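Written below as structure tokens is the structure these notes are about.
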Ligand code: ADP
Ligand code: MG
């Protein structure tokens, strides 16, 4: 779009995006919306996730994570107040209490730890979000004992956390732009799980036969982060 004042022509053009109001922070209500949208997106991907877990695990991941986020949706209706820390802690506890399998405590801890990092805040910006990612990743490492390359959810969570940190460190403030790079990083991490041999979780029992297949938990991390991006874009359009 070409912008000029009356009687004056600027020798450059503004992008439409530059004229839009960017989202640089989100509050408790937006995070509630993000959680509800994750719940819907996970629900629509049950069979995709189940197929992935069937190839190298026991095929229950789609149902596990869907049960968890259905519980999050239920429990959210009881949430009161403005503390983002308490909201995410509630979501984490809902996942842990309702999910079977290894992934319940892992995803639940990720949300609880992200909540710890946001305790007392009713608004978070990119720098807060980067700290929340770091806390979530450390929580997963602490309880799962995994490292990058073990073919687990960490293989997409770690690059996502790094992308959040580098965007924040570079002084980026636009949450939509930052989440675009976070999602790309997570998806490239998921892609790499295909060639890896699992050394954690059930998939380790199939050993090298698991090569050529994605990790289900890493795929779920991507669905969650893509969902966050979609919600942010939607808020951006409003
Ligand atoms: P289960 O393996 O008990 O059937 P799920 O199928 O719900 O549980 O979840 C499997 C996912 O959990 C894997 O795809 C992997 O991403 C993740 N996972 C399993 N063990 C670990 C671990 N020790 N550290 C990190 N992630 C793990
Ligand atoms: Mg499973």
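The values are calculated or read from the model by the stated rules, or taken from the named source; none is laboratory data. Nothing here was measured: the structure is a model prediction, and the numbers come from that model. Quick reminder, even Gly has a Cβ in these numbers, built from the backbone with ideal geometry, and neighbours come from all protein chains shown.
Only a single item in (1) in a helix (DSSP H, G or I); (2) under 16 Å from the mean Cα position of the chain (by Cα) is not met by residue 96, and it is number (2). Can you find a residue that is touching a helix residue (DSSP H, G or I) at 6+ places or on another chain (Cβ under 8 Å), outside any helix (DSSP H, G or I) and surrounded by 21 or more Cβ atoms within 10 Å (Cβ to Cβ) anywhere in region 136-151? Looking through region 136-151, at least one residue is touching a helix residue (DSSP H, G or I) at 6+ places or on another chain (Cβ under 8 Å), outside any helix (DSSP H, G or I) and surrounded by 21 or more Cβ atoms within 10 Å (Cβ to Cβ). Here is the figure for region 23-82: residues that are away from ligand 2 (no atom under 16 Å from the Cβ), within 16 Å of residue 103 (Cβ to Cβ) and not in a helix (DSSP H, G or I) total 0. Within region 52-79, which residues are within 10 Å of ligand 1 (Cβ to nearest atom) and surrounded by 23 or more Cβ atoms within 10 Å (Cβ to Cβ)? 52, 53, 56, 57, 61, 62, 64, 65, 68 - these are the residues of region 52-79 that are within 10 Å of ligand 1 (Cβ to nearest atom) and surrounded by 23 or more Cβ atoms within 10 Å (Cβ to Cβ). Whenever a residue of region 49-67 is closer than 11 Å to residue 202 by Cα and free of Cβ contacts under 8 Å to residues at least 40 places away in the same chain, its partners that are part of a helix (DSSP H, G or I) and near ligand 2 (Cβ under 7 Å from one of its atoms), lying with C-beta atoms within less than 7 angstrom and at least six residues away or across chains, give the pairs 59/53. Of everything in region 195-238, what is at pLDDT below 95 and in a loop (DSSP other than H, G, I, E, B)? Give them in sequence order. Selection gives 195, 196, 197, 198, 199, 200, 201, 211, 212, 213, 238.
Select, from 162, 157, the only residue that is within 14 Å of ligand 1 (Cβ to nearest atom) and in contact with a helix residue (DSSP H, G or I) (Cβ under 7 Å, 6 or more places away or on another chain). It would help to see each step written out before you state the result.
Numbers: 162 fails: within 14 Å of ligand 1 (Cβ to nearest atom).
From the options 162, 157, the qualifying one is 157.
Put simply, of 87, 106 the only residue that is touching a helix residue (DSSP H, G or I) at 6+ places or on another chain (Cβ under 9 Å) and near ligand 1 (Cβ under 10 Å from one of its atoms) is 106.
Residue by residue through region 40-51, note down the ones that are within 16 Å of ligand 1 (Cβ to nearest atom) and either in contact with a helix residue (DSSP H, G or I) (Cβ under 6 Å, 6 or more places away or on another chain) or more than 11 Å from residue 223 (Cβ to Cβ) (or both). Before you say what the answer is, go through the steps one by one.
Initially, region 40-51 is screened for residues within 16 Å of ligand 1 (Cβ to nearest atom), giving 42-43, 45-51.
Once the filter is applied, which keeps residues that are within 16 Å of ligand 1 (Cβ to nearest atom) and either in contact with a helix residue (DSSP H, G or I) (Cβ under 6 Å, 6 or more places away or on another chain) or more than 11 Å from residue 223 (Cβ to Cβ) (or both), region 40-51 yields 42, 43, 45, 46, 47, 49, 50, 51.
Residues are listed down the side, and each one gets a yes or a no for (1) over 16 Å from residue 38 (Cα atoms); (2) in contact with a helix residue (DSSP H, G or I) (Cβ under 8 Å, 6 or more places away or on another chain); (3) surrounded by fewer than 23 Cβ atoms within 10 Å (Cβ to Cβ):
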{"residue": "179", "(1), (2), (3)": "no, yes, no"}
{"residue": "194", "(1), (2), (3)": "yes, no, yes"}
{"residue": "199", "(1), (2), (3)": "yes, no, yes"}
{"residue": "207", "(1), (2), (3)": "yes, no, yes"}
{"residue": "211", "(1), (2), (3)": "yes, no, yes"}
{"residue": "214", "(1), (2), (3)": "yes, yes, no"}
{"residue": "218", "(1), (2), (3)": "no, yes, no"}
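Condition check: within 16 Å of ligand 2 (Cβ to nearest atom) and not in a helix (DSSP H, G or I). Does residue 120 satisfy that? Before you say what the answer is, go through the steps one by one.
Numbers: within 16 Å of ligand 2 (Cβ to nearest atom): no; not in a helix (DSSP H, G or I): yes.
So residue 120 fails the test.
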